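For reference, the structure discussed in these notes is given below.
The values are calculated or read from the model by the stated rules, or taken from the named source; none is laboratory data. As the structure is a computational prediction, the values presented were derived from the model and not from experiment. Note: ideal-geometry Cβ built from the backbone for every residue, glycine included; neighbour counts use all protein chains shown.
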Amino acid sequence: MRLKKYTYRKTKAGNWTEVFQNPCQVTVRSFQTGTVKINRRGTLNPDHPQAGDIREEELEVPILAYWVHHEEKGDFLLDAGLDASYILDPHGGLEGSAVDEFKLGEHENVSYHIRDNNIKLKTVFLSHLHADHAAGVRELPKNISYVVSKGEYGVYQPDVHGDFLEGLEELYEMDFSQATELPHLGPCVDLLGDGSLWAISTPGHTPGHISFLVNGMEGPVLLGMDAAFIHENLERGVAPSDYTWDVEMAQDTLEKIIEFLREYPQVRVGAGHEHLK
Ligand SMILES: [Zn+2]
């Protein structure tokens, strides 16, 4: 597989107020592709001073992929969720002790949703390469573009966690160091060039983790992806520590998102493992 540079034009927008004044004909919908069991202790970092007493408690949470439909520019997917191999096997056909376990029902795999909604995918943007966000690539079309943040593939261990990108000839890398910094959130890329869909660099969960913003007619929606596993991360101001590459950085990122939401209360926010509220 070849790594290629994802090219984009720098946005001329200077702040989010400007962006939100020009909403676009774009919608977003989540697809549930199975569930994963996580622990409340670790979903909320128990060592954070604001954490209080966080007890061990298993939470079964959805694994999500998001369908973005743009009236003119077509259909896009944010994360790939799980492919059908998890229906019969919680390890999705992968071997080894480090392999994650998920639960997937029939008609829940990502390509089922794609077919069911008659979606003609153009590009898949991946927030990061953890299995519950990337495994679905295995059953998605190979003749479209797949995009991750630069540096994300470097920490991906296909030999340990499974090669979800097998069969792709190329993978596009988005370099946020060239992106415009917008207030609160930092480097942001206007993915479709009209202010409808944004990628936001939110490192910490992984080095190249990306969150997204959909600027539709019904109001802006920020999809935090794994910067916040559940809404409680945002409500308490405590980032996750489980499955997290750099806990301190993840906390900084969460605080930026909270500041942004305070400044723009009209923004709906989605957590990575909870349905949009
Ligand atoms: Zn993750």
What are the pairs, 6+ residues apart or on separate chains, where a residue within region 227-253 that is at pLDDT 95 or above has its Cβ under 9 Å from a residue that is in a loop (DSSP other than H, G, I, E, B) and among the basic types (Lys, Arg)? His231/Lys277
Count - residues of region 110-122 that are part of a loop (DSSP other than H, G, I, E, B) and in contact with a Lys or Arg (Cβ under 9 Å, 6 or more places away or on another chain): 1
Kindly indicate whether any position in region 185-196 is hydroxyl-bearing (Ser, Thr, Tyr), within 16 Å of the ligand (Cβ to nearest atom) and crowded, with 17+ Cβ neighbours inside 10 Å. no
For region 215-269: of the residues being in a strand (DSSP E or B) and more than 16 Å from the ligand (Cβ to nearest atom), which is surrounded by the fewest Cβ atoms within 10 Å (Cβ to Cβ)? Gly219
Criterion first (part of a loop (DSSP other than H, G, I, E, B) and either within 16 Å of the ligand (Cβ to nearest atom) or within 14 Å of the chain's Cα centre (by Cα) (or both)) does Pro203 satisfy it? yes
